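K.L.:
I am attaching a structure below and will ask some questions about it afterwards.
Every number in this text was worked out from the coordinates using simple rules, so none of it is lab data. Owing to the predicted nature of the structure, the values given are computational and were not obtained by experimental measurement. Quick reminder, even Gly has a Cβ in these numbers, built from the backbone with ideal geometry, and neighbours come from all protein chains shown.
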Amino acid sequence: MPAVSDQTHSRVRIILLRHGRPRFEHRGWIASRQMAAWIERYNQAGIEGDPPVNAVAVTRQAACVVASTLPRSTQSAQLLAIGREVICEPLFREADMPFAAWRTPALPYRVWCAVFRIAWLFGFSARAESRADAVVRAREAAQRLVELARERGPVLLVGHGIMNRLIAEALLARGAVGPRRLRGGYWTSGVYEIIS
């Protein structure tokens with residue numbers, strides 16, 4: 001007769017959700033050296049509109065709601081978790097956007113964002129947190145979310161596009177089951193579970 005195991009397994013559930021659309025409008029072309037001011041304005045922007053029904057439904061599954069300290073994340077979380085505590089920590093902020101201090105050429109900001117984010121993926125990190133440092137921070141963020149989930153139950157992080165992806169990779173590396181790639185749209189989410 002096989003021995004009966006007395007070990008019990010606990011399931012940790014973490015939901016990663018991207019914030020709502022930022023209330024931010026910028027027209028015209030800029031030089032890359034103007035990206036510092038652009039990034040600062042973007043990081044101070046709140047969000048526009050209300051969360052969709054599916055994001056509200058996902059929030060109801062969470063016992064604990066967490067956000068970064070950037071307004072677009074914090075405000076999204078507050079709209080989703082009306083009347084509930086939202087834990088806001090800088091650990092979950094978006095990965096920094098690097099930029100170069102070139103006077104020319106002038107390009108649309110979306111072009112600069114694409115250029116510098118792709119360059120960041122390949123190691124360029126002027127005036128910003130490096131990709132390697134962001135990966136380390138994502139591992140710390142994943143650990144923090146696991147700890148919160150063990151203490152409080154299912155956790156929802158209302159985070160950011162790049163950082164949520166890095167946290168998802170860190171959770172998968174720990175043995176979590178969930179999507180290999182998060183969708184990038186506003187208010188989209190992915191669920192990760194770890195059995196320990």
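K.L.:
Any idea how far apart ASP133 and VAL177 come out in nm if each label point goes 7 Å out from Cα toward Cβ?
P.N.:
The modelled label-to-label distance comes out at 3.8 nm.
K.L.:
Please list, ordered by chain and number, the residues whose modelled amide H lies under 5 Å from the amide H of VAL12; skip anything fewer than 5 residues away on the same chain.
P.N.:
ILE194, ILE195, SER196
K.L.:
Using 0.36 nm times the number of residues separating VAL56 and ALA114, minus their current alpha carbon distance, what extension gain do you get?
P.N.:
17.8 nm
K.L.:
Over the chain, how many percent of alpha carbon pairs lie in each 10 Å bin up to the one with the longest distance?
P.N.:
Reading the bins upward from 0: 9, 33, 32, 17, 6, 2, 1, 0.
K.L.:
Can you list residues whose amide H is under 5 Å from ARG127's amide H, if they're 5+ apart or on another chain and H is modeled 1.01 Å from N?
P.N.:
Hits under the 5 Å cutoff: none.
K.L.:
Here's a follow-up. So for each of 187-194, 20-27 I average, over its residues, the number of other beta carbons within 10 Å; can you give me the resulting order with the highest mean first?
P.N.:
187-194, 20-27
K.L.:
Follow-up. Gain in length, GLU147 to ALA37, computed as 0.36 nm per residue apart minus the alpha-carbon separation, to one decimal in nm?
P.N.:
So the chain would gain 36.0 nm between GLU147 and ALA37.
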